[in-house]
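What follows is a set of notes on a single structure, which appears directly below.
The values are calculated or read from the model by the stated rules, or taken from the named source; none is laboratory data. Worth saying up front: this structure is predicted, and the values here are computed from it rather than measured. Note: ideal-geometry Cβ built from the backbone for every residue, glycine included; neighbour counts use all protein chains shown.
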Amino acid sequence: MRVPLIAGNWKMNGSLVSNASLLEGIRAGAAGLEAELAVCVPAPYLAQAQTALVDSGVYWGAQDVSVHAGGAYTGEISAAMLNDFACRYAIVGHSERRSYHGESDELVAQKAATAIAGGLIPIVCVGETLEQREQGETPLVVARQLAPVLAAVAEAGLSKIVIAYEPVWAIGTGKTATPEMAQEVHELIRATLAQADAAAAATVRILYGGSMKPDNAAELLAKADIDGGLIGGASLKAADFLSIARAA
Ligand code: PEP
């Protein structure tokens, strides 16, 4: 039985003042939900999220993690540093990092492995661009992105990851994959994981991300292999985020 996970990706949004009311709203509405909730906040606000959410049942995490343990890596944040703030999750391989920061499939895989070794749960993002979808390359792209992750985390680590299928063309655009389109890719991802470890594949949560909103969440989350959502824009309003969580 896979407990649905609704994870917010705040991206580079927020301030101490606006976060306080958002976190308070999430905390207040989280009790009694069947889904697990998490927020991945900008690093400077991890302490604030920790203080606001401790003992609430809502988890918090980061939007990236370095492959390095420490040293001369300006701007990087290590898994140990995230542990100092009791993070549970770290997003790795978000398409914005792949495209704006040139992160390769191999680097993303190393980040996933580093997160696991550091006691964090990586939320590994995969997904195709519009052009790749139109060329019929979605299965190829997703397989190419997953292969190094499966090699890097090996069998022992496979049960410790979360995957997020995020078609790039659906992120922040208001365009959502239909539930059928999303399910097709989720099923493919699970089958790919099963080739490495069938038992673990049955337990790994595969989230959908890409303009998931209160009005489309229920039909996406009803699909057999969609185990939750990675939510960008709609995670910045407590009411919308909680409404998606209630649909899970
Ligand atoms: C995301 O960035 O992970 C995302 C899914 O964004 P949005 O929900 O805004 O499309």
Quick one: how many residues across region 155-191 are without any contact (Cβ under 8 Å) to a residue 12 or more places away in the chain and under 21 Å from residue 110 (Cα atoms)?
1
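Out of 182, 177, 201, 217, I need the residue that is among the hydrophobic types (A, V, I, L, M, F, W, C) and surrounded by fewer than 22 Cβ atoms within 10 Å (Cβ to Cβ). Which one?
On the way: 182 fails: surrounded by fewer than 22 Cβ atoms within 10 Å (Cβ to Cβ); 177 fails: surrounded by fewer than 22 Cβ atoms within 10 Å (Cβ to Cβ); 217 fails: surrounded by fewer than 22 Cβ atoms within 10 Å (Cβ to Cβ).
When all the criteria are applied, what remains is 201.
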Within region 121-128, is there a residue that is more than 17 Å from residue 207 (Cβ to Cβ) and out of contact with any strand residue (DSSP E or B) (no Cβ under 7 Å at 6 or more places or on another chain)?
no
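Are there helices (runs of 4 or more DSSP H) fully within region 1-109 with at least 3 residues that are touching a Phe, Trp or Tyr at 6+ places or on another chain (Cβ under 6 Å)? List them.
46-53
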Here is a check on your reading of the model: is residue 119 at pLDDT 95 or above, at positive phi, out of contact with any Gly (no Cβ under 7 Å at 6 or more places or on another chain) and within 16 Å of the ligand (Cβ to nearest atom)?
no
From the list 127, 75, exactly one residue is small (Gly, Ala, Ser), within 14 Å of the ligand (Cβ to nearest atom) and modelled with pLDDT of 95 or more. Which is it?
127
Restricting attention to region 122-130, does a residue exist that is crowded, with 20+ Cβ neighbours inside 10 Å and part of a loop (DSSP other than H, G, I, E, B)?
yes
Residues in region 95-104: is at least one over 16 Å from residue 45 (Cα atoms), among the polar types (S, T, N, Q), modelled with pLDDT of 95 or more and buried (at least 17 other Cβ atoms within 10 Å of the Cβ)?
yes
In this structure, does residue 147 turn out to be assigned to a helix (DSSP H, G or I), in contact with a Lys or Arg (Cβ under 9 Å, 6 or more places away or on another chain) and either within 22 Å of residue 63 (Cα to Cα) or within 15 Å of the ligand (Cβ to nearest atom) (or both)?
no
